[in-house]
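The values are calculated or read from the model by the stated rules, or taken from the named source; none is laboratory data. Predicted model only: the values in this text are computed from it and were never measured. With ideal geometry, Cβ positions are generated from the backbone for all residues, glycine too; neighbour counts draw on all protein chains shown. Protein only, heavy atoms only, side chains kept; ligands, DNA and RNA dropped before computing areas. Shrake-Rupley method; radii C 1.70, N 1.55, O 1.52, S 1.80 Å.
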Amino acid sequence: MHKKTEAGSMTAVTDKKDPKEEAAGGTVEKISLPRAIHLVPMDHIDGFDVRPGFYEVNGATAIPGGVNFTVYSHNATSIELLLFHRQEKEPFAVLPFPDHYRIGNVYSMIVFKLNIEEFEYAYRVDGPYDPKKGLIFDRTRYLLDPYAKAVTGQSQWGDLSALDHQYKARVVKDDFDWGTSKQPLLPMEDLIIYELHVRGFTKDASSGVLHPGTFEGLMEKLPYLLELGVNVVELMPIFEFDEMQDYRVVDGKKLYNYWGYNTVSFFAPNTSYTASTEYNREGNELKNLIQVFNQHGIEVYLDVVFNHTAEGDKNGPFFSFKGFDNNIYYLLTPEGDYYNFSGCGNSLNCNHPIVHQMILNCLRYWVTTYRVNGFRFDLASIMGRNEDGTPMNKPPLLQSLAFDPILGDVKLIAEAWDAVGLYQVGTFPSWNRWAEWNGRYRDDMRRYLKGDGGMAQAAALRIAGSRDIYEVSARKNASVNFITCHDGFTLYDLYSYNEKHNEKNGWNNTDGAGDNCSWNCGAEGETADEGVNRLRRRMMRNAFCLLMCSRGIPMFLAGDEFCNTQFGNNNAYCQDNITSWLDWTMLEKNRNMFRFFQYMIKFRKSHRVLRRNVSDGACGFPDISFHGEKPWRGQFADHERYVGVMFAGQEKGKEPEVIYVASNSYWEEVAVLLPELPQNMAWELTADTWEGRTENTGSVLSGNTFVIHPRSVMVWVGGKAFKAAT
């Protein structure tokens with residue numbers, strides 16, 4: 001029971017810090033009380049002194065002497081603040097917001113003498129119930145603050161008690177010391193992105209870390225990342241998510257929503273990813289990771305999911321947004337049902353002003369409080385849909401993110417499609433600010449590499465930076481090139497399986513993409529045939545060599561560099577086991593593959609002409625040119641499977657660079673005539689995937705003719721331009 005609100009005595013409030021109040025409420029981080037002394041009315045609710053709060057500061061924030069709680073709802077008729085002792089299911093105090101604590105649709109209240117380390121909180125919200133209008137208020141539900149900075153009720157991975165979805169929030173002290181830390185601010189064309197899952201990267205014992213499956217475990221692998229040479233780590237979702245969604249046991253194996261593409265709270269890090277308990281300092285381990293990685297020149301990007309939430313459809317859980325303003329936060333049909341452009345039950349109403357504001361506030365928070373360097377937006381095309389679900393020409397949210405000053409140095413990368421067929425690769429609303437996952441690069445290069453006919457022209461264009469897609473709109477650094485990512489086969493599996501093998505997911509192998517453009521090289525799955533295994537390794541080298549020699553931003557999946565496998569599972573979203581975890585024993589077994597990846601990364605870094613147009617050309621050659629078995633081709637015939645792409649350029653004050661990338665996806669060797677170099681220059685072989693050589697071969701052509709082996713790639717450099725990349 002809560003006590004009726006009573007008007008209290010007049011109380012003086014100043015910005016002077018009382019040590020007792022500071023100990024009770026925590027340090028002041030972002031709120032300062034007025035310098036002038038004001039006499040303000042004090043109310044008393046359920047044993048607590050309260051007064052109107054700071055309406056423009058969302059969420060719960062410690063201030064001298066107490067905590068400020070601010071929350072909003074457009075359609076609510078009343079809101080109650082619930083206070084819980086830690087891990088208790090019933091509140092010890094219920095504080096309704098008095099009517100005069102509401103301005104517009106915002107409710108704000110300071111509760112005095114609260115120790116943030118001794119309570120958790122939630123809300124109850126009352127309002128109209130009319131499902132056909134999307135109004136489904138239910139004052140019996142405990143609701144998680146949409147601006148919660150830390151979430152409790154799900155802190156231990158795989159906790160069955162979390163199935164009741166009784167989430168509560170904690171107040172967080174933002175006292176991390178960034179010192180004089182600076183961000184790398186890497187140019188877009190210099191990025192080499194390494195996509196990984198925080199838990200799966202080190203969870204297996206073979207990782208050898210002290211804190212497996214955590215941010216700290218990832219930190220322990222920093223020397224490895226530096227040795228490999230990548231300069232960006234892209235973390236699959238680390239916002240608090242519900243791994244227990246669709247939890248089930250199949251053939252004795254526990255299956256979870258392991259990937260994390262089902263957000264519970266957009267402002268809170270996943271507490272199960274920490275090596276130690278961080279009560280009221282949630283996020284410090286992640287902040288330390290970002291700080292140290294940045295100090296070593298590695299940027300950290302977050303894979304963010306603003307297209308749907310873990311609340312699902314009408315049959316899904318009800319724990320936050322549904323209870324605050326269901327018809328505002330979600331895209332609803334005229335009948336009040338959920339549009340499902342995400343394939344996960346609901347779709348966020350991103351361009352509604354309230355949701356738009358929340359997403360912008362969220363990204364600003366992660367940039368200012370965590371110093372995040374970039375974001376990859378899952379199913380980003382949903383973020384460009386109107387409230388009726390139709391695509392917008394100039395989506396207000398996407399435009400705001402493109403021009404927001406706080407996000408000015410942050411990389412924005414869109415997965416430019418959604419789950420129901422809206423495909424915007426090359427047409428995503430960008431304002432020359434957004435980059436895109438280039439799905440065309442993945443599909444065309446996979447088909448070309450495995451030897452499909454009619455793909456030579458497409459392959460040449462993808463290597464050249466997808467000029468047919470992006471140069472029409474003069475977009476720079478728009479293409480994020482990839483052949484593998486978390487969604488689909490690993491690189492090893494791409495050349496080990498013709499078909500997906502997702503039986504262990506429990507859906508009779510009906511889930512996951514059916515068309516993978518893969519090739520098993522003659523045997524499905526593991527084989528003792530060394531000829532097949534040699535071919536598979538060569539196909540992997542071919543793919544990575546071309547990725548590193550393509551204009552655009554390269555990205556690859558963690559573990560590809562040492563032949564990590566998912567045993568043919570191309571949709572391992574539920575596999576919290578060795579299927580998805582990296583098996584680090586494969587690193588020693590496939591050390592030569594690692595060295596090849598390492599070499600090609602260094603090679604790319606050493607030759608800027610591969611990364612961008614540095615001039616109109618050099619040595620009489622244009623910036624980019626296409627070549628067949630004989631030099632100078634504008635258009636490839638459907639039967640051709642040999643592609644030569646030459647880059648030429650000269651930076652001011654430096655020697656010219658000429659690089660010829662030769663790729664043969666044909667199953668027989670091909671004799672090739674190279675373009676004629678100027679006098680005193682010669683072609684030097686710098687990479688050959690046939691045997692995977694990782695050092696300069698010293699092979700210099702006496703003329704312009706060479707033979708390329710079947711299904712292999714060679715890289716030639718004009719002699720004067722070559723610089724060792726070892």
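Taking the chain as the reference, fit the longest principal axis to its C-alpha atoms, fit the long axis of helix 591-606 to the helix C-alpha atoms, and give the angle between the two in degrees, 0 to 90, nearest 10.
Helix 591-606 sits roughly 90 degrees off the main axis of the chain.
Grab the other residues whose beta carbon is less than 13 angstrom from that of R534, score K and R as +1, D and E as -1, and report the net.
Local charge sum for R534: +2.
About its Cα centre, what dipole magnitude does segment 84-183 give when the only charges are +1 on Lys and Arg Cβ and -1 on Asp and Glu Cβ, stated in debye to the nearest 20?
It works out to roughly 280 debye.
For segment 578-663, what is the accessible area per residue in Å² when the probe is 1.4 Å?
Details: 3680 Å² over 86 residues.
Ligands and nucleic acids excluded, the result is 43 Å² per residue.
Which net charge results when you count Lys and Arg as +1 and Asp and Glu as -1 among the other residues whose beta-carbon is under 11 Å from that of R199? Spell out each step's value before the answer.
Numbers: positive: K203; negative: D204, E243, D576.
Result for the neighbourhood of R199: -2.
Quick one: which of K221/K476; K203/K287; K203/K605 span more than 22 angstrom between C-alpha atoms?
K221/K476; K203/K605
Hey, for a label at A513 modelled as a point 7 Å past Cα toward Cβ, could you say which residues of segment 445-482 have their backbone N under 13 Å away?
445-448, 482
Compare the peptides 88-99, 458-469 by average per-residue count of other Cβ atoms within 10 angstrom and give them in order, highest first.
Highest to lowest by the protection proxy: 458-469, 88-99.
How big is the gap, in Å, between the Cα center of segment 415-450 and the Cα center of segment 453-515?
Each part reduced to its Cα centre gives a spacing of 10 Å.
What number, rounded to the nearest 500 deg cm²/dmol, is the helix-based mean residue ellipticity at 222 nm of the chain, given -39500 (n - 2.57) per DSSP H run of at least four residues and division by all its residues? Show your work: numbers first, answer last.
Numbers: 15 runs with 139 residues, N = 726.
Computed mean residue ellipticity for the chain: -5500 deg cm²/dmol.
How big is the convex hull of the Cα atoms of the chain, per residue, in Å³?
163
Net charge within 14 Å of G312 by Cβ-Cβ distance, Lys/Arg positive one each and Asp/Glu negative one each, not counting G312 itself? Please report the intermediate quantities before stating the final value.
Working: positive: K314, K322; negative: D242, D246, E311, D313, D337.
For residues surrounding G312, the net value is -3.
Treating the angle as unsigned and between 0 and 90°, give the value, to the nearest 10°, between the Cα long axis of helix 530-548 and the longest Cα principal axis of the chain.
For helix 530-548, the angle is close to 70 degrees.
Once fully extended, how much extra length lies between E335 and N680, figured as 0.36 nm per residue of separation less the alpha-carbon to alpha-carbon distance?
Value of the extension gain: 116.7 nm.
Pairing the Cα long axis of helix 439-449 with the longest principal axis of the chain, what angle in degrees results, from 0 to 90 and rounded to the nearest 10?
For 439-449 against the chain, the angle is about 30 degrees.
Where both residues lie in the chain, what percent of DSSP beta bridges are antiparallel, nearest 5?
Percentage antiparallel, nearest 5: 75.
Using a 10 Å cut-off on Cβ atoms, rank the peptides 303-309, 628-634 from the highest mean neighbour count down.
Numbers: 303-309: 25.6, 628-634: 14.7.
Ranking the peptides 303-309, 628-634 by packing returns 303-309, 628-634.
For segment 223-362, give the share of DSSP beta bridges that are antiparallel, in percent and rounded to the nearest 5; count only bridges with both residues there. If you can, show how the numbers build up before the last one.
On the way: 8 of 12 bridges.
Taking every DSSP beta bridge within segment 223-362, about 65 percent pair in antiparallel fashion.
For the pair K253/F403, report the inter-label distance in nm, with labels modelled 7 Å from Cα in the Cβ direction.
Label at K253, label at F403, 5.0 nm between them.
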